[in-house]
Amino acid sequence: MDRIPRKAQGRRDAVQALRPSTLLVVATVIGVLTMPSIAAGSPRLASHRAPLAKPALCAAVSPEVIAKVLGYRVPAATVSTGSFTFDQERNVSVFRTTCSYGALGTAAGVGIVYESLSKPLPVSAIYQDIKASALANKPSGATYTVTSYSGLGVPGLYEQSRGSLTLEAVLGIQGEKIVGDVVGKVLPKSKVAALTKMAMASYF
């Protein structure tokens, strides 16, 4: 889940956004995730300053729980936030909180991304925005796919990017809220979705 423009990529920190190579990502990172970003066309950084993250979001899914689900240990979460243009045509922005458990984009890194749109969008529009941004920002030679995912109880998307980086993400969508996780290796979808469900429980 990446909605971050090319000129901003060199300045951003690895924990600030997932590129669909991130969320994501998101988005979602991979867009959520590539979660780490999504937007129709080239998304733009809407603001360099953002409200402080709510620590409770990252505390909702502990490193111990992640280790139990995925089968490997991760460190405590590092929290980062940002506001971005999500859909330029529809004038929709997004406020994102990223919980990074280790270095995103590495095999051991895990990110959980919580996003709040300035207004709800149809799931079809979110799908198209994520796909357009991911394809526009994916590294040369990488492959990227996004498909619907039906195992969350709410509209969902599954993203995967393979290349110099391997990223996989599952996103859940409810109203103006998007949440998902991104991992740096290919795992069974059920495991990736299990983390998304835990994050959804504290956010939706």
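Since every read-out is calculated from the coordinates, none of them should be taken as a lab result. Since the structure is predicted, the reported quantities are computational estimates derived from the model, not experimental observations. Methodologically, a virtual Cβ is constructed for each residue, glycine included, from the backbone with ideal geometry; neighbour enumeration extends over all protein chains shown.
For each of Glu115, Glu176, count neighbouring Cβ atoms within 10 Å of the residue's Cβ, then give the residues from fewest to most.
Going from least to most buried by this count: Glu176, Glu115.
Of Phe84, Phe95, the sequence from fewest to most neighbouring Cβ atoms within 10 angstrom is Phe95, Phe84. Note on Gln88/Ala108: beta-carbon distance plugged into 1/(1 + (r/R0)^6) with R0 of 35 Å gives a FRET efficiency of 0.50. The fewest-to-most ranking of Thr166, Thr145 by surrounding Cβ atoms within 10 Å reads Thr145, Thr166. Amide H contacts of Leu121: none lie under 5 Å away among residues 5 or more positions distant or on a separate chain (H built 1.01 Å from N in the peptide plane; Pro and chain starts excluded). The tail of the calculated P(r) for region 118-196 beyond 15 Å holds 55 percent of all Cα-Cα pairs. When DSSP beta bridges are limited to those with both residues in region 131-204, what percentage is antiparallel, rounded to the nearest 5? Taking every DSSP beta bridge within region 131-204, about 100 percent pair in antiparallel fashion.
Mind running the shape call on region 65-169? Use the C-alpha gyration tensor, a ≥ b ≥ c as the square roots of the eigenvalues: rounded below 1.5 for a/c, prolate if a/b tops b/c, oblate otherwise. Prolate, since a/c reaches 1.5 and a/b exceeds b/c.
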